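Notes for the one structure printed next.
The values are calculated or read from the model by the stated rules, or taken from the named source; none is laboratory data. Since the structure is predicted, the reported quantities are computational estimates derived from the model, not experimental observations. Here the Cβ positions follow ideal geometry from the backbone for every residue, glycine too, while neighbour counts run over all protein chains shown.
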Amino acid sequence: MLTRWIRNVLKPGKRYTQDIEKSKQQASSEPINPSLAHTLSLLKLKLGQSSDFIIRDFPESPTHAGQFAVCYIEGLIDQNLLSDLMEGLITEMASTASLKLERITAASLPS
């Protein structure tokens, strides 16, 4: 008797299952937009402006071609992994900037 009650409590309701199926259909019918700004605003909209949803935006710069962002849910991400990721990204961007600066300097020097 207790196990039947537990199964009924843990079993997802019909409405919950219908909502999941509806979400899957909507997600598969929406094409992916190549615009990062559009995608980030869509994520914010879908997640309801949650304060736990964090976006770290890295804008395009003269030394780094392409804009990108790191998105995560506060409290669900391993902080050590996040720190390593951010440190690696910043190091890579600095390294790229340094190499481009060296090329520009070398190109501007008289032969």
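Are any of the residues in segment 43-50 at pLDDT 85 or above, exposed (fewer than 13 other Cβ atoms within 10 Å of the Cβ), farther than 27 Å from THR105 by Cα and small (Gly, Ala, Ser)? Within segment 43-50, none of the residues are at pLDDT 85 or above, exposed (fewer than 13 other Cβ atoms within 10 Å of the Cβ), farther than 27 Å from THR105 by Cα and small (Gly, Ala, Ser).
Taking the conditions exactly as written (modelled with pLDDT of 70 or more and either in a helix (DSSP H, G or I) or surrounded by 11 or more Cβ atoms within 10 Å (Cβ to Cβ) (or both)), does LEU89 satisfy them or not?
Yes.
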